[in-house]
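Asker: Right, I'll just put the structure down here and ask away after.
The values are calculated or read from the model by the stated rules, or taken from the named source; none is laboratory data. Everything numeric in this text was worked out from a predicted model, so none of it was measured. Cβ coordinates were reconstructed from backbone atoms using ideal geometry, including for glycine residues, and neighbour counts include every protein chain displayed. Just the protein is used for accessible areas: all its heavy atoms, side chains included, with ligands, DNA and RNA removed. Shrake-Rupley method; radii C 1.70, N 1.55, O 1.52, S 1.80 Å.
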Amino acid sequence: MPVLAKCEHMNPTGSVKDRIAWSMVQQAESQGRLHPGDTLVEATAGNTGLGLCMVAAARGYQVVCVMPEKMSPDKRAALQIAGAEVVITPNAAPDHADNFQNVARRLAEQNGWYLTDQFNNPANVQAHVDGTGPEILEQCGGRVGAFVAGSGTGGTITGAGGFLKRHCPDLEVVLADPAGSSLWRHVQGAVGEPDAAYQVEGIGSSRPPSILDCGLIDRVETVSDTDSFAMTRRLIREEGLLVGGSAGTAVAAALRVAARRTGPHPVVVILPDSWDRYLSRDWLQQAEPQT
C-alpha cells in the first residue's frame, strides 16, 4: 500500500503550525480582539511561535513565546532571531503553576496581552478543516485509506482527520504517539502506566488538549524515541526530506499501518516540521551503523 507524505516542513517558517498561526490571528482580528501594536503570547514548543512571528511581522504585533526547557536551543535562537521574546519554563505537569501553558495564561492576564491559546482555540482545528484536509483529499484524487499524524495540540489530527473521514467513510485515523506519552490511554479508555520521559518534541501529552477529538481516532501507534529518530535520519539521508523528530514518529507509525492494510488507497502521513530546529541535538548528528 502506498504511503504519501504531506510535507508541512516546506511551509514558510518550516512547519504545519504556519496554518494555525494565521487562522488564530485572522479570527481574533475579525472579532475585534486584536489591534496594531498588541502583543501575542503563546505556549509553544517552538513551531507555533515561529508562525506567529511571521504573521505578527506582517500585521504589526509583538510576540512572547513561553517554552518548556525541554525544547531545543535551536528553537529558542530561531524565535529570538524572528523577533519574539522567549520565556523558558520548567518541564512541569499540566496542573503545576510553572507549566508553560499556565505561565502563558498568567502573563496574558497580568500584562493585557492576547493569548492565542493554540491548545484550546477552535481556529486551530478550523485551519485544517479549511486547508490541510481539503488539500490532502484533492491531492489523493478523493480517496484516502488511512491518515496518520501526531498530536501536540490535536488540531491537525482533529481538523484534517475529521474532514477526511466525512469524505472517506472507511478512513482509518491513526495517532502516532511517543512512548512515554499518555494520550493512548485517553483514546483507548485505559488506566494505569504513568507518563515517562521522552525526547521527541512537540507531540504527546499526559492529558488530551481540549480540541483533540479522541473519539475520532481509530488506532494509536506508540513509537519509541529510538525508532522515531532512526526513521528521521533515514528520511533525511535516503529520501532527502529535511524533517524533524516527530516526522520520524509519524512515518514509523504510517509504515506499520501500511504493512497491515490492503487496498489501493494510500496511507497519508503528516511531516510536521523541519530539521533546522534540531541541528544541535545528538540524535540528529548520530551516524548510522555501517552494513
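Asker: Can you give me the C-alpha center-to-center distance between segment 1-48 and segment 78-123, rounded to a whole angstrom?
Answerer: 15
Asker: Read through the labelled values (i) 56; (ii) 60; (iii) 48 and report the label of the one computed as percent of Cα pairs over 24 Å apart from the structure.
Answerer: Among (i) 56; (ii) 60; (iii) 48, the one calculated here is (iii).
Asker: Please give, to one decimal in nm, the separation of the simple spin-label points placed at D98 and R143, each 7 Å out from Cα toward the Cβ.
Answerer: So the label points at D98 and R143 sit 5.4 nm apart.
Asker: A further question on this structure: If you stretched the chain out fully between R261 and E109, how much longer would it get, using 0.36 nm times the residue separation minus the C-alpha to C-alpha distance? List each step's numbers first, then the result.
Answerer: On the way: separation 152, 0.36 × 152 = 54.72 nm, distance 4.92 nm.
Roughly 49.8 nm would be gained on extension.
Asker: Considering the chain as a Gaussian network with a 10 Å cut-off on Cα pairs, which listed residue, V66, V223, V87, attains the greatest mean-square fluctuation?
Answerer: Largest GNM mean-square fluctuation: V87.
Asker: Lys and Arg at +1, Asp and Glu at -1: add these up for the other residues within a Cβ distance under 11 Å of G145 and post the number. Before the final figure, lay out each step's value.
Answerer: Details: positive: R143, R261; negative: D170, E172.
Once all neighbours under 11 Å are counted, the net charge is 0.
Asker: What is the packing order of peptides 40-50, 258-268, taking the mean over residues of other C-beta atoms within 10 Å and listing the highest first?
Answerer: Numbers: 40-50: 28.5, 258-268: 15.1.
Answer by packing, highest mean first, reads 40-50, 258-268.
Asker: Calculate one ³J(HN,Hα) per residue across segment 13-25 by plugging θ = phi - 60° into the Karplus curve 6.51 cos²θ - 1.76 cosθ + 1.60, and present them in order as whole Hz with x for glycine and proline.
Answerer: Ordered by residue, 3J(HN,Hα) equals 9, x, 7, 4, 6, 4, 4, 7, 4, 5, 4, 5, 5 Hz.
Asker: Next up: Residue separation times 0.36 nm, minus the C-alpha to C-alpha distance between Q286 and D213: what's the value?
Answerer: Full-extension gain reported as 22.7 nm.
Asker: OK, next. Let me make sure I get this right: for segment 154-291, a, b and c are the square roots of the gyration tensor eigenvalues over alpha carbons, sorted descending. Under 1.5 in a/c it's rounded, otherwise prolate if a/b > b/c, else oblate. Which is it? Display every interim value, and only then the final one.
Answerer: Details: a/c = 1.84, a/b = 1.31, b/c = 1.41.
Oblate shape, in that a/c is at least 1.5 and b/c is the bigger or equal ratio.
Asker: While we're on this one: Does anyone have the angle between helix 100-111 and the longest principal axis of the chain? Alpha-carbon axes, 0 to 90°, nearest 10?
Answerer: Tilt relative to the chain: about 20 degrees.
Asker: Which order, highest average first, do 270-276, 244-250, 183-189 follow once you tally other Cβ atoms within 10 Å for each residue and take the mean per peptide?
Answerer: Values: 270-276: 23.7, 244-250: 30.4, 183-189: 17.3.
Top of the packing list down: 244-250, 270-276, 183-189.
Asker: Still on this structure: What FRET efficiency comes out for the pair E239/E135, r = Cβ-Cβ distance, R0 = 22 Å, nearest 0.05?
Answerer: Working: r = 21 Å, r/R0 = 0.93.
With a Förster radius of 22 Å, E is 0.60.
Asker: So which residue, out of P178, P90, P208, gets the largest mean-square fluctuation from a GNM of the chain using Cα contacts under 10 Å as springs?
Answerer: P90
Asker: Moving to a separate point now. Roughly what angle does helix 225-239 make with the longest principal axis of the chain, taking Cα atoms, 0 to 90 degrees, to the nearest 10?
Answerer: Compared with the principal axis, the helix lies near 80 degrees.
Asker: So what is the relative contact order for the chain, in percent, with contacts set as C-alpha pairs under 8 Å and at least six apart?
Answerer: Working: 614 pairs, mean separation 63.9, N = 291.
Value for the chain: 22 percent.
Asker: Continuing with the same structure: Hey, can you grab everything whose amide H is under 5 Å from the amide H of V269? Only 5+ residues off in sequence or another chain; H modelled, so Pro and N-termini drop out.
Answerer: L4, A5, K6, V148
Asker: In Å², what does the accessible area per residue of segment 148-193 work out to with a 1.4 Å probe?
Answerer: Numbers: 1510 Å² over 46 residues.
Accessible area per residue: 33 Å².
Asker: Compute the signed sum of charges (Lys and Arg +1, Asp and Glu -1) over the other residues within less than 9 Å, Cβ to Cβ, of M67. Working shown, then result.
Answerer: Values: positive: K70, K75, R76; negative: E69.
Its environment carries a net charge of +2.
Asker: Moving to a separate point now. Quickly work out the R33-to-E85 label distance, labels modelled 7 Å from Cα along the C-beta direction, and quote it in nm with one decimal.
Answerer: Roughly 2.1 nm, to one decimal.
Asker: Expressed in nm to one decimal, what extension gain is obtained for the pair R59 and C7 from 0.36 nm per residue of sequence separation less their Cα-Cα distance?
Answerer: Working: separation 52, 0.36 × 52 = 18.72 nm, distance 2.62 nm.
Working it through step by step, the gained length comes to 16.1 nm.
Asker: Please give the helix 47-59 orientation as an angle from the longest Cα principal axis of the chain, in degrees from 0 to 90, rounded to the nearest 10.
Answerer: Roughly 50 degrees, rounded to the nearest 10.
Asker: With the full set of protein chains in place, find how many percent of the accessible area of the chain is carbon and sulfur; take the probe as 1.4 Å. Don't skip to the end; give the middle numbers.
Answerer: Numbers: 6210 of 12390 Å².
Taking all protein chains in place, the chain shows 50 percent carbon and sulfur surface.
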